[in-house]
1. Can you tell me the orientation of helix A:94-104 relative to chain A, as the angle in degrees between its alpha-carbon axis and the longest Cα principal axis, to the nearest 10?
2. For the stretch A:3-223, what is the convex hull (Cα atoms) projected area averaged across all directions, in square nanometres?
3. State which entries of A:K111/A:K135; A:K76/B:K412; A:K3/B:K9; A:K3/A:K48; A:K3/A:K212; A:K12/A:K111 exceed 31 angstrom in Cα-Cα distance in the structure shown.
4. Please give the FRET efficiency for A:R113 paired with A:Y14, using the beta carbon to beta carbon distance and R0 = 41 Å, rounded to the nearest 0.05.
5. When the expected Rg is taken as 2.2 N^0.38 Å, what fraction or multiple of it is the alpha-carbon Rg of the stretch A:131-235?
6. Nearest 10 degrees, 0 to 90: what angle lies between the long axis of helix A:168-183 and the longest principal axis of chain A (Cα atoms)?
7. Would you mind checking which residues have amide H under 5 Å from A:E90's amide H? H placed 1.01 Å from N; only 5 or more apart, or other chain.
8. Each label point is 7 Å from the Cα along the Cα-to-Cβ direction; what then is the distance between the points at B:L384 and B:D86, in nm?
Amino acid sequence: MGKLLAVDRLVKRYGSRTAVDGLSFEVAAGEIYGLLGPNGAGKTTTVKVITGLLRPSSGTVLVAGLDPYVRPLEAKAHLGWVGQETSLYEDLSAEENVRFACALARVPGAKARERTSFLLEMIGLADRSHERVSKFSGGMKRRLHLAVALVHNPDVLLLDEPLVGIDPQARAYLIGVIERLAAEGHAVLLTTHDMDDAERLSNRVGILDQGKLLAEGTVSELQASLGERDVVRVTGVFGDEPPRLDEGVEILSRSGDELVVAVSHGPEALPRVLAAVEAAGAQVDRVVLERPSLEMLFLKLTGRELRD
Amino acid sequence: MRRVAVLLKLELRRKLRDPVSMVVWMVIPFFMVGLMAAVFGPRGQGSLPKVTMVVVDHDQGLVSRLLTSALTSQELAASLDVTIVDEQDARRIMDGGKASLMVVIPKGFSEGFFSNRPLKVRVFRNPQESILPKIGTDVIGFLTDAGSALRSALLPLTKGVIDFSGDTKPTLARVKALSARIYTILDNPAAGRLLRGDALKVVDRHPEKKGVSRSEVIGWFAPGIVAMALLFLSTGQTQEIQEDLISGRLARAWTFPSRPWIALGAKTAALVVTASVSAALLVLALSGVFGWRVGHVLLLIVHIGAVAAAFSGLALLLRSLTKNPEAGGAAASGVMVGLGFLGGCFVPVIFLPPFLRSVANVIPTGWAVQGFLILEGATWAGDLGSIWPRIVALLLTAIVSLAAAGWLIRRKAMLG
């Protein structure tokens with residue numbers, strides 16, 4: 001598979017603040033790469049640099065082998081962007097919004113008509129193509145937004161939090177469309193702060209925090225990095241003294257009201273963990289046993305949860 | 001260019017689908033025309049407020065009384081409200097801001113008149129007002145000028161008959177002598193011409209318009225009204241571009257393989273076209289309803305387009321310096337209304353103080369109004385050819401301001 005998107009040692013600074021710090025990753029044709037990180041991790045900044053909206057402080061970005069700053073028009077011809085906000089013209093119809101994008105993307109007249117019909121059919125809005133967007137639901141707008149980004153049939157798709165704030169039905173529809181686009185050979189960069197989205201859609205995932213790539217690999221590779229271990233989450237009131245846990249039990253995070261540990265063979269180890277916690281003077285309210293997840297990996301790597 | 005045409009068509013369609021704001025922008029100028037018609041039209045009162053004047057006559061002589069009589073005459077009563085009081089009362093009235101000006105006729109005024117000495121009438125203006133004191137001063141100036149002219153004509157004829165340096169009480173002998181002189185004066189052909197009323201010849205600047213008072217009145221205000229309409233249209237519509245910036249629509253447009261100016265250019269072009277069409281409709285209304293005549297249609301269209309482009313550019317530049325549409329609207333409206341006032345959009349510049357009048361020559365609103373004045377045939381504003389420097393200046397303003405606004409907007413989109 002050819003690498004359609006290559007980001008190499010990318011740095012983006014705003015004054016003294018470094019939003020993206022030496023980020024490198026590649027996305028191949030037909031691949032969905034999930035860039036997972038909490039809000040403010042640098043995901044959107046990375047996407048804006050790739051689209052050419054932001055100039056990098058250092059490092060390089062290549063879209064289909066083209067640098068967006070050296071040959072912007074050629075590079076953008078390979079690039080489709082769906083931002084976090086549905087930036088559509090509410091007073092135009094669905095069809096007119098797509099035609100508007102066709103004009104911007106230099107899609108000639110006859111081809112634009114053909115492409116518009118195809119895309120509206122693909123996202124399931126063909127029967128409502130003449131309705132004004134202002135009458136659409138959030139999910140319909142998100143689908144239309146995706147269609148707008150596809151007018152020039154770009155090789156690389158940048159989807160910045162595409163599944164945020166939509167109903168389950170629209171979400172399922174969009175996931176289907178994204179998977180179909182990847183199957184057709186598009187390289188998809190998906191940014192998300194939702195672990196489930198990343199796990200569900202991505203072939204490979206990069207975990208980003210404070211502008212740095214902390215880990216990268218397939219979902220199973222990343223889960224394996226936690227070892228064949230389960231996660232025990234204990235909530236309650238904890239004393240100052242840390243619990244004396246068995247060897248092989250790793251504390252992932254500890255605060256005044258929560259302790260998260262990784263442990264092999266969770267069901268068998270659970271009574272020993274609880275005994276150690278209570279022996280340390282804690283008053284336990286609730287215990288949850290979880291399977292390893294990207295959420296746990298993020299917790300292990302940063303000491304914080306994704307939602308923090 | 002075909003792409004720009006497609007984008008322009010869709011942008012115009014968007015505007016047409018927002019009929020309320022379109023109607024508002026269209027109605028505002030018509031509303032203002034209606035107000036103007038109500039005030040200055042054939043059924044309106046047709047007059048400025050009266051000039052309130054207090055006169056202090058320290059002289060109490062023949063000529064000073066002639067002057068005060070003239071000021072309180074029936075002919076001037078429509079324009080002047082004159083009260084003759086002593087100086088203490090006059091100062092009290094002025095200090096209370098209840099008069100536009102105070103006129104003080106000094107002692108010895110009449111004697112000085114007949115002795116052919118230079119004369120002075122002191123005028124104190126109310127600093128709170130600008131137009132009315134000026135009108136009052138002009139009236140006083142006109143009367144004193146007329147008095148000086150009359151003195152120049154009469155004094156040689158009355159020489160030896162009246163001696164005002166000593167006792168001025170009339171005697172029968174003096175009255176008889178003066179009567180004889182008056183008959184002589186009336187028999188004198190030069191004096192006769194002076195007194196027949198055609199000594200001051202008024203030449204109408206536009207003889208062909210004589211009698212069309214309504215169009216003359218609208219000719220005074222129409223250039224400002226059209227410029228003002230363009231000002232409101234341009235300033236208001238640029239809000240859409242600022243909203244496109246904030247909503248991310250502009251940023252998204254710039255991720256497509258197009259030159260950055262294409263998307264912004266199409267939006268600005270749509271704005272200029274809408275403003276121009278609205279202004280053209282307003283001109284048609286002014287012509288049809290009020291008889292306003294504009295000489296050269298093609299030049300009018302070019303001028304309207306240049307004005308719309310310049311005003312849109314300036315409004316967009318002001319908005320691009322602000323963070324949100326609310327702040328942008330306040331900044332753009334405030335500055336543009338100020339420029340409109342200085343340029344003569346609201347009040348003809350002749351009513352402004354001299355130093356402000358010169359400002360109109362160097363600002364886009366001034367060029368806009370002057371252009372419309374030239375087109376309506378106000379020769380004092382310049383001949384038809386002199387509109388071109390104004391159009392060029394407006395287009396340069398548009399290019400520079402739109403380029404600066406485009407750069408700022410793109411920078412904001414990148415940082416946002």
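1. 80 degrees
2. Working: hull surface 46.8 nm².
That works out to 11.7 nm².
3. Exceeds cut-off: A:K3/B:K9; A:K12/A:K111.
4. 0.45
5. Relative to the rule-of-thumb radius for its length, the stretch A:131-235 sits at 1.27.
6. 70 degrees
7. The answer is none.
8. A separation of 6.5 nm, rounded to one decimal place.
No value in this document is a laboratory result; all are computed from the given coordinates. In this text, all values refer to a predicted model and were calculated from it rather than measured experimentally. We place every Cβ from the backbone using ideal geometry, glycine too, and count neighbours over all the protein chains shown.
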